[in-house]
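Notes follow once the structure below has been shown.
The values are calculated or read from the model by the stated rules, or taken from the named source; none is laboratory data. Values in this document were obtained by computation on a predicted structure and should not be read as measured data. All Cβ positions, glycine included, derive from the backbone under ideal geometry; neighbour counts span all protein chains shown.
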Amino acid sequence: MKRLGILAHSTEGAALCFLTFCQEGFRRTGRHEHPDVTLDYTAFGFSMPAWDAGDHAAVRKTLATSVGRLAGAGADFFVCPDNTAHMALEVPGPALALPGLHIAEVVADRAARDGRNRVGVLGTKYTMDGPLYPRALAARGIVAEVPDAEDRQTVNRIIFDELVRGVLTDVSRDQYVRVIERLAVRGCDAVALVCTEIPLLVPQDASPLPTLDSTRLIARAAYDTAVGDKPMPTWRGGAR
């Protein structure tokens with residue numbers, strides 16, 4: 001088995017990824033066993049000035065340091081349970097110390113397997129306004145839809161004011177449900193929860209549309225890779 005490295009860039013999403021990976025082992029083996037896993041985390045607050053300035057290269061440097069520490073700890077590959085972070089990881093630069101799975105590719109692959117045609121995208125303002133999901137979904141013949149400007153502001157505010165702090169409220173869940181309902185009216189047949197904290201607030205049974213849970217999808221893809229059911233990744237940063 002291969003050792004997984006989790007490159008954390010936000011707290012709650014990284015914790016959910018870690019739990020899902022371990023629980024996948026418990027579920028599949030029937031024992032308290034899973035492949036070895038190491039997590040490295042430089043608090044994302046230190047990167048927020050760079051995000052706000054659009055300095056993705058600076059964020060990449062911080063993330064690359066974490067990947068290097070994961071390699072030093074013996075990890076064979078990494079996942080980053082943070083969608084927005086992939087915008088920085090895609091910036092050109094030296095190859096990362098480990099190969100990694102790309103979260104947008106994992107989510108888009110699942111959308112294609114599920115036969116989706118139009119997928120709503122909920123995440124941080126950076127992700128909703130960025131190229132990751134329009135590109136990954138379009139490569140599979142799927143249209144990406146984002147909420148309107150006011151709804152994008154609501155989604156982003158709840159992420160940074162509440163979800164990354166572990167705050168989950170019924171009021172915010174109801175707001176997200178209304179955003180998803182409006183995406184359904186626009187013809188979406190699924191919604192991608194591509195801030196890794198959103199699945200904690202909006203589980204499948206609360207969503208008006210089928211969900212693509214990026215956190216659990218990347219964790220389970222990592223498990224498949226660690227046990228040899230999927231090939232090792234080759235991506236080491238840079239454009240896909």
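When only residues in the stretch 121-133 that are outside any loop (DSSP other than H, G, I, E, B) and under 15 Å from the mean Cα position of the chain (by Cα) count, which is surrounded by the fewest Cβ atoms within 10 Å (Cβ to Cβ)? If you could, list the steps in order and put the result at the bottom.
Residues of the stretch 121-133 that are outside any loop (DSSP other than H, G, I, E, B), as a first pass: 121-122, 125-129, 132-133.
Checking which are under 15 Å from the mean Cα position of the chain (by Cα) leaves us with 121-122, 125-128, 132-133.
On the way: 121: 27, 122: 28, 125: 17, 126: 19, 127: 27, 128: 24, 132: 26, 133: 28.
Top of the filtered list is 125.
Do you know which residues across the stretch 181-231 are under 17 Å from residue 19 (Cα atoms) and charged (D, E, K, R)?
The answer is 197, 213, 216, 220, 224.
Is the stretch 230-238 home to any residue that is over 22 Å from residue 79 (Cβ atoms) and hydrophobic (A, V, I, L, M, F, W, C)?
No - not one qualifying residue is present in the stretch 230-238.
Just wondering, is there one or more residues in the stretch 185-206 that are touching a residue at least 24 places away in the same chain (Cβ under 8 Å), of a type in the set (Lys, Arg) and surrounded by fewer than 16 Cβ atoms within 10 Å (Cβ to Cβ)?
Yes, the stretch 185-206 contains at least one residue that is touching a residue at least 24 places away in the same chain (Cβ under 8 Å), of a type in the set (Lys, Arg) and surrounded by fewer than 16 Cβ atoms within 10 Å (Cβ to Cβ).
Kindly provide the set of residues from the stretch 152-176 that are of a type in the set (Asp, Glu) and assigned to a helix (DSSP H, G or I), ordered by number. Outline the logic, then answer.
Keep residues of the stretch 152-176 that are of a type in the set (Asp, Glu), which gives 161-162, 170, 174.
161, 170, 174 - these are the residues of the stretch 152-176 that are of a type in the set (Asp, Glu) and assigned to a helix (DSSP H, G or I).
Would you check if residue 166 is without any contact (Cβ under 8 Å) to a residue 60 or more places away in the chain, among the small types (Gly, Ala, Ser) and surrounded by fewer than 21 Cβ atoms within 10 Å (Cβ to Cβ)? Walk me through it before giving the result.
Working: without any contact (Cβ under 8 Å) to a residue 60 or more places away in the chain: no; among the small types (Gly, Ala, Ser): yes; surrounded by fewer than 21 Cβ atoms within 10 Å (Cβ to Cβ): yes.
Taking the combined requirement at face value, the residue does not satisfy it.
If a residue has to be of a type in the set (D, E, K, R) and farther than 15 Å from residue 236 by Cα to count, how many in the stretch 70-102 make the cut?
Just the residues of the stretch 70-102 that are of a type in the set (D, E, K, R), to begin with: 76, 82, 90.
Going one step further and asking which of them are farther than 15 Å from residue 236 by Cα, we end up with 82.
The qualifying residues number 1.
Please count how many residues of the stretch 4-54 are over 19 Å from the mean Cα position of the chain (by Cα) and crowded, with 16+ Cβ neighbours inside 10 Å.
Residues in the stretch 4-54 being over 19 Å from the mean Cα position of the chain (by Cα) and crowded, with 16+ Cβ neighbours inside 10 Å: 4 in total.
Could you run through the stretch 191-240 and say how many residues are closer than 26 Å to residue 164 by Cβ, of a type in the set (Asp, Glu) and either in a loop (DSSP other than H, G, I, E, B) or touching a helix residue (DSSP H, G or I) at 6+ places or on another chain (Cβ under 7 Å) (or both)?
Step one: filter the stretch 191-240 for residues closer than 26 Å to residue 164 by Cβ, giving 191-223, 235, 237, 240.
When the remaining residues are screened for being of a type in the set (Asp, Glu), the result is 197, 205, 213.
With either in a loop (DSSP other than H, G, I, E, B) or touching a helix residue (DSSP H, G or I) at 6+ places or on another chain (Cβ under 7 Å) (or both) added as a condition, the list becomes 197, 213.
Final tally of qualifying residues: 2.
Suppose we filter 202, 179, 171, 194 for residues that are outside the structural domain of residue 92 (by TED's automatic domain parsing), over 20 Å from the mean Cα position of the chain (by Cα) and of a type in the set (Val, Ile, Thr); which single one remains? Steps first, please.
Working: 202 fails: over 20 Å from the mean Cα position of the chain (by Cα); 179 fails: over 20 Å from the mean Cα position of the chain (by Cα); 194 fails: over 20 Å from the mean Cα position of the chain (by Cα).
Testing whether each residue is outside the structural domain of residue 92 (by TED's automatic domain parsing), over 20 Å from the mean Cα position of the chain (by Cα) and of a type in the set (Val, Ile, Thr) leaves just 171.
Please count how many residues of the stretch 79-109 are of a type in the set (D, E, K, R) and assigned to a helix (DSSP H, G or I). Even if it seems obvious, please write down each step before you answer.
If we filter the stretch 79-109 for residues that are of a type in the set (D, E, K, R), which is where we start, we get 82, 90, 105, 109.
Right, trim to assigned to a helix (DSSP H, G or I) and you get 105, 109.
Adding up the residues that qualify gives 2.
Being assigned to a strand (DSSP E or B), touching a residue at least 12 places away in the same chain (Cβ under 8 Å) and outside the structural domain of residue 84 (by TED's automatic domain parsing) is true for just one of 136, 144, 112. Which residue is that?
Values: 136 fails: assigned to a strand (DSSP E or B); 112 fails: assigned to a strand (DSSP E or B).
The unique qualifying residue is 144.
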